[in-house]
Amino acid sequence: MPHGVDTPVFPLTKIRPPKARAGLIARTRLERRLGEALAGRRLTLLSAPAGFGKTAALARQLELLPQGTAVAWIAGDDDDDLHRFISCLFAALEPFDLPWRQQPDALVAAAADPAEGALRRVAGELLNALAACEVARGLIVLDDADRIRDTRVFGFIDMLLERLPEQWGCVVCSRVDPPLALARLRAQDELTELRQTDLAFVPDEVRELIAEAGSAADGEQLMARTAGWPAGVRMLLRAGSLPPQAGRLMDRHLFDFLASEVLDHMPVELREFLLHCAVLPELTAARCAHVAGNPRAERLLEEIERRGLFVTVLDAPELTLRLHDLLRDFLEDRLRRERPEMLAPLLRRAAETESDPIRRLSLLMRAFAWQEAEELLEGVAEDLLAAGAADSVARLVEQFPPERQRASPVLALVRGRVAWARWNWPLMTAELQRAGAGFAAAGDERRRQRAQALEAMAYCGRGMLEPCQDRLLPLMECDVEPETRVLLLALHAWLALDTGEFRAAAPRYARVLDALERTEGLRLWHQCFQRTLYVWLPGMSAPLSRFVEGVMRQTGDTPSQMRAIAHSAAAWLAFWRGELERALDHLDQAADDAHWLGWPANLRMFIHAPRAAVHAVRGDAAQTYASIGVLVDYFRTPGAHAEGQESMLGHYLLYGARLADTLGDGAGVRAFADRMPPPAAITNARMLAPSLATLPPRLAGYAGRHEEACALWAAALADESKIDVLGLAQEARLRYAHALLACGRRADAADALRPVLAAVARDGQLGSVLLAGPHVLARLAAEPWADELDGSERAMLCNWAARFARQAPPAETAGPGPLSARELEVLARMAEGDSNKLIARALDLSPHTVKRHVANILDKLGVASRGQAAQWYRARMAAELPAAAR
């Protein structure tokens, strides 16, 4: 599962606001303007160069806001991109229990979707949640916005600002104006701008600072030298003097001079400690002790705070300081000049203490530790790709030197994984070939095998079966690491379908499950079960049942992609047994999870394929064709799959023709057949071509050419093993028998039927019988069989016709469904004012599950907020109280 707001992949210090600095003088003019802006403006912009006290002024004012004001704080970093920013934003909003209607994790992943409108949809979901959040005033704060180079972040903020609910505002602190639609907000009088002149000290404030410091400095001279620049004023007061030749103190070099004066007069231990720890983004006792090698780190941090140096104290469980950029840059510059040989080792030590993999990667790159950085990226990439952040991984690769990018097999392997996430099979093939060659030259057999396994998957995705098998089969005989072994076994099972060896699929998938059941987590399960059609292969019921049980055992009641896939597989299995209502129940649960997850493309495929079959058997043409439309439209989207797109489109068009035949819709069969891609465009002909041979006899039957239909069905069934997928072989026999009866050939029809009758009597699997359609079953049951079929066989035909005769689908019930027992428990605690975190703890649920229950409750009750749901619950409880108890 992607990482989400409950398990963030960034340090929590990024979303913790700083504490107001102790001993600050009152700045009445600035505080009044800033306070008014925070209370009512849509956007408040603090834009000024470094050292103008933007963060300090904002932190002080935030602490003066009315109690209950919601503040979601995000500190910008050089490594932030859109995916990381939205992850931080959702995590910062977590304490306020926004009533999400889709899973925040899924929205983070959806933000990376390049499809037009995807990012605006994410913004819309967030805006709806903000509007329904019951706070009097809320603020989204982005500090250090100038560090963020990904312009998509500001495009997203613009989308929020367009429709931000009245009770919410945004605050941006930056050294330069961010690329936002400021002119529009000015015209709408929704922007307050605090710039250099607003943030600079005025003479009265400088005189107060001099008095606070107990200095004999001349206030007028100090103003003349600094023009009120807060950093210059404070540093000059701390340094105590300024060279006569120095001009106005608005220059970075003069700040460095003053910092040198301060640093050089420090105790030696404190000076060394600061120089060593400047490489850390945040300073804590444990991290500083490791980097500086000084066990007195905690006392030294307290001394730094006491001295009032240019640091920010973060709101964290332990003392956590962040050096001001001016001071950090000065210290690192001094370290480079005085002890250049120490910088790389210190950066490596800092990386060892960093929990955030992206920051750790940045520290290793600054230390030129390219090999360690590559190995870290190789591991980080898996989690980021699982979270939908392919663009983020690609950007991380691009941060390596060009020569390293060209030469490194590890980076080629990562680029190949990015290409897989984007279904770019040709690029995946090329990158993994490069990676495999590089690992072979380096003697890295483990990684060479991994690269070749992934290369084989790329060939499979392209429908290039010979090169796929050339890579796969030798690896199957090798001793490979467990994860590579699982992928090889899964690919071997996929090939059973692609090569037409349908009867080999079930035993091969049993081996996959044997391996998966020994692994932790569900990431590999997801990679190994990506096709919905396997349930229809011979003998697959048992392995698929194991798959469903294994996933359900690990996911419990937590919504996830894997749980939705398991429910769709369970729906296929129920349908195969003839249990239509149970199949629909599983599909409803799968769709419920898919809605919460934002309907990812792969879940649309998993859910709508069985949904179409169920509705076809129930005789609901509208629902059937709607689901088929979802499947077909996906593969008709330009660039959806590049290579292999036409082949997959062919599979679903054939599926549409089959279900049209189930409905008895000859025009529908013809329409799907006419849209079939030309044979030259179908790359996996060994799998699809034999099945395509069942289209002509269907069309001949609807045209009344029954003799021709009989001949064509006989030809299609000449080698049943080639079409024994999705129940097609048995369905073809039923239709062949139907055509034979139309020609008066009852004995031949009985011969065609007997294998189907025997198979159903043996295993009870009715899927192919259902797909033949009630009109075929009714004709077969009505035939006055004599000696051609025995009594039990005739009874079976009659039973099929009676049990699965077409019925009008039940009318859909209007309005929301009833709350489940668990949802009522969650609602009761919501009515008591419990937060999601408290509800999760009380009911032993995950926070993800609580959010999903809240979304279900709001949907079913038709309300927008937690408060409205709580009001409904209290009214219901009052109505149910006995009169005597009121």
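When residues of segment 331-376 are filtered for being buried (at least 17 other Cβ atoms within 10 Å of the Cβ), in a loop (DSSP other than H, G, I, E, B) and of a type outside the set (A, V, I, L, M), how many remain?
Adding up the residues that qualify gives 2.
Being more than 23 Å from T519 (Cβ to Cβ), buried (at least 20 other Cβ atoms within 10 Å of the Cβ) and at pLDDT 95 or above narrows it down to one residue among E431, E455; which is it?
So the residue among E431, E455 that is more than 23 Å from T519 (Cβ to Cβ), buried (at least 20 other Cβ atoms within 10 Å of the Cβ) and at pLDDT 95 or above is E431.
Step by step: first the residues of segment 12-46, then only those that are in a loop (DSSP other than H, G, I, E, B) and more than 21 Å from R137 (Cβ to Cβ), then the one that is modelled with the highest pLDDT. Which residue is that?
That would be R27.
Quick one: in segment 21-47, of everything that is among the aliphatic types (A, V, I, L, M) and surrounded by fewer than 20 Cβ atoms within 10 Å (Cβ to Cβ), which residue is nearest to R307 (Cα to Cα)?
Among those that are among the aliphatic types (A, V, I, L, M) and surrounded by fewer than 20 Cβ atoms within 10 Å (Cβ to Cβ), it is A22.
Among the residues of segment 748-756, are any in contact with a helix residue (DSSP H, G or I) (Cβ under 6 Å, 6 or more places away or on another chain), in contact (Cβ under 8 Å) with a residue 40 or more places away in the chain and surrounded by 23 or more Cβ atoms within 10 Å (Cβ to Cβ)?
Yes; the residues of segment 748-756 include at least one that is in contact with a helix residue (DSSP H, G or I) (Cβ under 6 Å, 6 or more places away or on another chain), in contact (Cβ under 8 Å) with a residue 40 or more places away in the chain and surrounded by 23 or more Cβ atoms within 10 Å (Cβ to Cβ).
Within segment 99-118, how many residues are touching a helix residue (DSSP H, G or I) at 6+ places or on another chain (Cβ under 6 Å) and either in a helix (DSSP H, G or I) or outside the structural domain of S87 (by TED's automatic domain parsing) (or both)?
Final tally of qualifying residues: 5.
Does segment 145-179 hold any residues that are within 22 Å of G53 (Cβ to Cβ) and within 26 Å of the chain's Cα centre (by Cα), and which are they?
Hits for segment 145-179 are A145, R147, I148, C170.
Which residue pairs have Cβ atoms closer than 7 Å, lie 6 or more positions apart in sequence or on different chains, and pair a first residue in segment 615-628 that is assigned to a helix (DSSP H, G or I) with a second residue that is surrounded by 21 or more Cβ atoms within 10 Å (Cβ to Cβ) and of a type in the set (V, I, T)?
If the second residue must be surrounded by 21 or more Cβ atoms within 10 Å (Cβ to Cβ) and of a type in the set (V, I, T), the pairs left are H615/T624; A616/T624; A616/T662; V617/T662.
Could we say that A570 is within 21 Å of the chain's Cα centre (by Cα), crowded, with 24+ Cβ neighbours inside 10 Å and without any contact (Cβ under 8 Å) to a residue 40 or more places away in the chain here?
Judged against the criteria, A570 is not a match.
Regarding L413, is this residue out of contact with any Cys (no Cβ under 9 Å at 6 or more places or on another chain) and not assigned by TED's automatic domain parsing to the domain that holds L649?
Answer is yes for this residue.
Each row is one residue, and each column tells you yes or no for (1) touching a Phe, Trp or Tyr at 6+ places or on another chain (Cβ under 9 Å); (2) not in a helix (DSSP H, G or I).
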residue: D557; (1), (2): no, yes
residue: I565; (1), (2): yes, no
residue: A583; (1), (2): yes, no
residue: D592; (1), (2): no, no
residue: R611; (1), (2): no, no
residue: E646; (1), (2): yes, no
residue: R658; (1), (2): yes, no
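Only residues that are buried (at least 20 other Cβ atoms within 10 Å of the Cβ), of a type in the set (G, A, S) and either closer than 17 Å to E481 by Cα or under 27 Å from the mean Cα position of the chain (by Cα) (or both): list them for segment 436-448, please.
G436
Test of understanding: among Q196, Q167, which residue is polar (S, T, N, Q) and either on the phi > 0 side of the Ramachandran plot or at pLDDT below 95 (or both)?
Only one candidate passes the filter, namely Q196.
Only residues that are assigned to a loop (DSSP other than H, G, I, E, B) and either charged (D, E, K, R) or within 19 Å of Q527 (Cβ to Cβ) (or both): list them for segment 399-435, please.
Result: R422, W423, N424.
Report yes if some residue within segment 81-98 is modelled with pLDDT of 90 or more, hydroxyl-bearing (S, T, Y), crowded, with 20+ Cβ neighbours inside 10 Å and under 13 Å from F10 (Cβ atoms); otherwise report no.
Yes: one or more hits.
Within segment 278-311, which residues are crowded, with 20+ Cβ neighbours inside 10 Å and within 35 Å of the chain's Cα centre (by Cα)?
Selection gives A278, V279, L280, P281, E282, L283, T284, R287, C288, V291.
The values are calculated or read from the model by the stated rules, or taken from the named source; none is laboratory data. All of these numbers come straight from a predicted model, not from anything done at the bench. Positions of Cβ are backbone-derived with ideal geometry, glycine not excepted, and every protein chain shown enters the neighbour counts.
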